[in-house]
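Asks: The structure that follows is given in the form of structure tokens.
What follows draws every value from the coordinates through simple rules; no lab data is involved. Predicted, not measured: the structure shown is a model, and the values here were computed from it. Virtual Cβ from ideal backbone geometry, glycine too; neighbours counted across all protein chains shown.
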Amino acid sequence: MRILGIDPALRITGFGLVDWNGREFTLICAGTISAPEKEPMPRRLLKIHAAVTRLIFEFKPDLMVLEKIFAHSRHPATSFALGQARGVICLACGSAGLPLAEYAASRVKKALTGNGLASKAQVQRSVTGLLGMKKVPRYLDVTDALALAIAFCYLAKAEALGKNTFTTHP
């Protein structure tokens, strides 16, 4: 199964693509989609949408996993802005007819480290170890996206064993 994980953002969106054979992972590609703040919002959103569409077309994933929005009462505008990036990513996913799974960051952290409050550094170590990466990605957004893809596999396996639940959207 080929899974595309995406950590959405307006400035730097992380992506990671892995193959999973039910026991081990193979890293296909990972990186970032940059949409500089100096560009107008419509152009930034178009850039994100086009890049995600290209990833889907080129690598033909079986499923996309996206991080849910974490809304903080002190920064509501951040949630709205992030929602725009998630919207164009969901549009690319829906246009391709790709199933979508969504997880909260805490659920991903728990699936990878056993601790829903794990630090980003702990998640990064877990991801790089599981994928046998020799070099740690420059941006945490990349390891967060890979963590989403890996977490889906763990949670899907747990679901198959009747130990957990997850939701996918066709």
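Asks: Taking 2.2 N^0.38 Å as the expected size of a compact globular protein, what ratio does the Cα radius of gyration of the range 1-48 give against it, to two decimals?
Replies: After normalising by residue count via 2.2 N^0.38 Å, the value is 1.44.
Asks: Oh, and also: For the range 48-55, take each phi angle, set θ = phi - 60°, evaluate the Karplus expression 6.51 cos²θ - 1.76 cosθ + 1.60, and give the result in whole Hz per residue in order, putting x for glycine and proline.
Replies: With the stated coefficients, the range 48-55 comes to 5, 4, 4, 5, 5, 4, 4, 4 Hz.
Asks: In addition: Restricting to DSSP loop positions (anything but H, G, I, E, B) with no more than 15 other Cβ atoms inside 10 Å of their own Cβ, which chymotrypsin sites (Phe, Trp or Tyr not before Pro) remain in the range 1-77? All intermediate terms of the calculation are to be shown ahead of the outcome.
Replies: Working: sites: Phe15, Trp20, Phe25, Phe57, Phe59, Phe70; in loops: Phe70.
When the chymotrypsin sites (Phe, Trp or Tyr not before Pro) of the range 1-77 are filtered for loop state and at most 15 Cβ neighbours within 10 Å, Phe70 remain.
Asks: Taking the Cβ-Cβ separation of Thr26 and Gln84 as r and a Förster radius of 22 Å, what is the calculated FRET efficiency to the nearest 0.05?
Replies: 0.10
Asks: For a quick check, take a GNM of the chain with Cα springs below 10 Å and name the residue from Arg23, Arg107, Arg44 with the largest mean-square fluctuation.
Replies: Most flexible of the set in this elastic network: Arg23.
Asks: In µm²/s, what is D for the range 2-169 at 37 °C and 0.692 mPa s, where D = kT/(6 pi eta Rh) by Stokes-Einstein and Rh is the Kirkwood radius from Cα pairs?
Replies: In µm²/s, the coefficient is 206.
Asks: Direction-averaged shadow area of the convex hull around the Cα atoms of the range 50-111, nm²?
Replies: 4.8 nm²
Asks: Counting only pairs 8 or more residues apart or on different chains, how many lysine pairs in the range 2-169 have their Cα atoms under 25 Å apart?
Replies: Final tally of qualifying lysine pairs is 23.
Asks: Next question. So which GluC sites (Glu not before Pro) in the range 1-84 pass both tests, a DSSP loop state and at most 12 other Cβ atoms within 10 Å of the Cβ?
Replies: Glu24, Glu37
Asks: Taking the Cα-to-Cβ direction at Leu46 and at Ala104 and moving 7 Å from each Cα, how far apart do the two end points lie in nm?
Replies: Going by the 7 Å Cα→Cβ label model, 3.7 nm.
Asks: Could I ask something else about it? Where both partners of a DSSP beta bridge lie in the chain, what percent of those bridges are antiparallel, to the nearest 5?
Replies: On the way: 17 of 25 bridges.
Counting only bridges with both partners in the chain, antiparallel ones make up about 70 percent.
Asks: Hey, another quick one. What does the charge count around Leu91 come to, taking other residues whose C-beta lies under 15 Å from its C-beta (Lys +1, Arg +1, Asp -1, Glu -1)?
Replies: It works out to a net charge of +3.
Asks: Expressed as a rounded percentage, what relative contact order does the chain have, with Cα pairs under 8 Å and six or more residues apart?
Replies: Across the chain, relative contact order equals 29 percent.
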